[in-house]
């Protein structure tokens with residue numbers, strides 16, 4: 001089992017504009033759903049209707065993802081502001 005143990009530390013996670021990424025992906029899922037909607041009959045005839053519903057589910061889950069990452073981003077900013085405020089306040093001084 002030791003041969004599968006990593007010998008180096010994992011890199012730091014990349015932090016980018018997560019809200020924009022998730023929003024963009026959600027828009028793509030909804031656009032794919034709308035593009036396929038006129039072909040509902042063809043999908044139904046060829047037993048590929050799940051393609052349509054997969055796109056709708058992706059869009060719906062994307063909305064949950066947008067809500068989640070916006071709340072996460074706000075929590076990270078709040079924690080950073082609280083840490084900065086705590087650091088600015090010198091111990092033992094009355095404010």
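For the stretch 12-22, check the following and say yes or no: at least one residue is more than 15 Å from the chain's Cα centre (by Cα) and in a loop (DSSP other than H, G, I, E, B).
Yes: the stretch 12-22 contains one or more residues that are more than 15 Å from the chain's Cα centre (by Cα) and in a loop (DSSP other than H, G, I, E, B).
Checking residue 68 against (1) modelled with pLDDT under 95; (2) outside any loop (DSSP other than H, G, I, E, B); (3) exposed (fewer than 14 other Cβ atoms within 10 Å of the Cβ), which test does it fail?
All conditions pass for residue 68, except number (1).
When residue 52 is evaluated against the numbered criteria (1) part of a helix (DSSP H, G or I); (2) under 19 Å from the mean Cα position of the chain (by Cα), which criterion, by number, is the only one it fails?
(2)
The values are calculated or read from the model by the stated rules, or taken from the named source; none is laboratory data. None of these values were measured; they are calculated from a predicted model. Don't worry about glycine lacking a Cβ; one is built from the backbone with ideal geometry, like all the others, and counts go over all protein chains shown.
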